[in-house]
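One structure below.
The values are calculated or read from the model by the stated rules, or taken from the named source; none is laboratory data. No experiment lies behind these values; they were computed from the predicted model shown. Counting neighbours? That spans all protein chains shown, and the Cβs are built from the backbone with ideal geometry, glycine included.
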Amino acid sequence: MRKDYYTEERLKEIGLNDRQIKAVMYVKENGKITNKEYQELNGVTKKTASRDLGVLTDKRILGKVGSTGKGTHYIMK
């Protein structure tokens, strides 16, 4: 069994904000997250959701599946 590397404490050390941490926990529980789900989970605009998800992919915590549009979602890297 693999050790869970992405604990809330570790994610805070990496420099993620509370919204991004909530999204990582969501993905760990549900397997994936879409931009729309991120917006609903955190009560933010599409632009903010896209920016936050971009940070998570840049830090290689989440991986993006698909390029653009409704089919795009994010999974654990």
Against the condition free of Cβ contacts under 8 Å to residues at least 40 places away in the same chain and touching a strand residue (DSSP E or B) at 6+ places or on another chain (Cβ under 6 Å), how does Y5 come out, does it pass?
no
In segment 30-77, the residues that are surrounded by 13 or more Cβ atoms within 10 Å (Cβ to Cβ), in a loop (DSSP other than H, G, I, E, B) and polar (S, T, N, Q)
T34, T72
Would segment 19-26 turn up any residue that is touching a His at 6+ places or on another chain (Cβ under 8 Å), modelled with pLDDT of 95 or more and of a type in the set (V, I, T)?
no
Residues to consider are K70, K22; find the one that is within 14 Å of the chain's Cα centre (by Cα) and of a type outside the set (S, T, Y).
K22
Here the residues within segment 29-69 that are without any contact (Cβ under 8 Å) to a residue 24 or more places away in the chain and of a type in the set (K, R) are K36, K46, K47, R51, R60, K64
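Looking at K77, K64, K46, which one is at negative phi, among the basic types (K, R) and touching a Phe, Trp or Tyr at 6+ places or on another chain (Cβ under 7 Å)?
Numbers: K77 fails: touching a Phe, Trp or Tyr at 6+ places or on another chain (Cβ under 7 Å); K46 fails: touching a Phe, Trp or Tyr at 6+ places or on another chain (Cβ under 7 Å).
Only one candidate passes the filter, namely K64.
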Matching residues in segment 1-34 - criterion: being of a type in the set (G, A, S) and closer than 21 Å to G66 by Cα:
A23, G31
Scanning segment 3-19 for residues that are outside any helix (DSSP H, G or I) and surrounded by 11 or more Cβ atoms within 10 Å (Cβ to Cβ), the one farthest from the chain's Cα centre (by Cα) turns out to be T7
